[in-house]
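Report on the structure given below.
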Amino acid sequence: MFDSNSDDFNLPYENRHPDYIQMNIYQSILTSHLSLIPDFDMFASNPRDHWPTYHALLRCLSPGPLLLSDTPDTETDKALLAKMTAKTRSGRLKAVKTDSPAQALPGRWFWDNLQGEQDGPATLAYVKVPSAQGTIIGAWNCRRTGTSSVARDRIFLQDLEDALEVDRLDGEYALWSVGHSGRNGRRVELFRPGSPAEMPLELEKAECEAIIIAKVWEVKGQKVAVVGMLDKFAPLARLQVSVQGGEQSLSRSAASSDSAPDELKIRTEFASDQLSVLVFGDSKPSASFMVDGNAVASAPWIESVRGAWLLSVTVGVEGQMTSGEGAWEVQLVLG
């Protein structure tokens, strides 16, 4: 059963958009524990003063319905909707969203300076996705709308541990900033237990960002992390990530290379133009992908980022669709 999680979208007062984000992610602290599916209400893909991306990110970090309030005289932003939907193996178009609602990070519940007339911290929420061995953090500028204040923040180890719902980090994790905002895209940081690492964050008025927390594995002697479908607002939704040849995280892998995993596998229910994996190291990796046991003919798209390489593959092309439901099996092959 669906239950309204907040007041209505786009109420007629100045700070309506930041207030709406805050109301929902704090209310979800309670409603996520009830036998109800939180409804984050409708949103509009246009016009721009309705802050479409700002709201679309929140809607995809929820199991609730995706409701569009575009009026007949408004042109629907199809590119925005493409980031919220995907085809399944049978060709059906479905919403790409998480199975639980975004809620405020516990370590920041009582911060009283998330809104203000000066620059200050961002508003952060998280959704854990255990099957993908990771978490999605949503970040929004919720400063007072009338001032154009910038949200300047940093994601610290405590935020990472809160988002993973652990007392102490066990193993190594990668943070990847997806790039919905102007200054935060294509950024990666590695976090280890006790690490002083941090990821800076800067959001202008009406901006938001998604940060992927991904477990780091050692596969054939190389560190890898699955950051998901980077063409979607919920990149880890319905992904299942596993390694074979040794089900061990980097911190627990044995000294002998014989016990280290030699295969990284991803099951995905959704087609994607950019299903992506980070491979860490200075040298460009020799790598390819297989889908359902068949080698992908084209070479993976590879981008160099600081200290790592982003490898991407398209899933759901012609020839990979079937008449039934199910998931695609994607395998990273490292040379």
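Of all residues in region 92-127 being without any contact (Cβ under 8 Å) to a residue 60 or more places away in the chain, among the small types (Gly, Ala, Ser) and outside any loop (DSSP other than H, G, I, E, B), which is nearest to Pro63 (Cα to Cα)? This residue is Ala95. Only residues that are in contact (Cβ under 8 Å) with a residue 40 or more places away in the chain and either in a loop (DSSP other than H, G, I, E, B) or surrounded by fewer than 20 Cβ atoms within 10 Å (Cβ to Cβ) (or both): list them for region 297-311, please. If the condition is that a residue be in contact (Cβ under 8 Å) with a residue 40 or more places away in the chain and either in a loop (DSSP other than H, G, I, E, B) or surrounded by fewer than 20 Cβ atoms within 10 Å (Cβ to Cβ) (or both), then Glu303, Val305, Arg306, Gly307 are the ones that fit.
Tallying residues that are assigned to a strand (DSSP E or B) and either more than 16 Å from Leu310 (Cβ to Cβ) or free of Cβ contacts under 8 Å to residues at least 24 places away in the same chain (or both) within region 134-188 yields 12.
Checking the stated criteria, Lys78 turns out to be under 22 Å from Gly316 (Cβ atoms), surrounded by fewer than 18 Cβ atoms within 10 Å (Cβ to Cβ) and either at pLDDT below 95 or not hydrophobic (A, V, I, L, M, F, W, C) (or both). Scan region 299-313 and tell me whether some residue there is closer than 21 Å to Val241 by Cβ, among the acidic types (Asp, Glu) and modelled with pLDDT of 85 or more. Yes - at least one qualifying residue is present in region 299-313.
Scanning region 109-137 for residues being modelled with pLDDT of 95 or more, over 17 Å from Lys232 (Cα atoms) and in contact with a strand residue (DSSP E or B) (Cβ under 9 Å, 6 or more places away or on another chain) gives a total of 9. Scanning region 44-61 for residues that are of a type outside the set (A, V, I, L, M), touching a residue at least 60 places away in the same chain (Cβ under 8 Å) and not in a helix (DSSP H, G or I) yields one hit, Trp51.
The values are calculated or read from the model by the stated rules, or taken from the named source; none is laboratory data. Since the structure is predicted, the reported quantities are computational estimates derived from the model, not experimental observations. We place every Cβ from the backbone using ideal geometry, glycine too, and count neighbours over all the protein chains shown.
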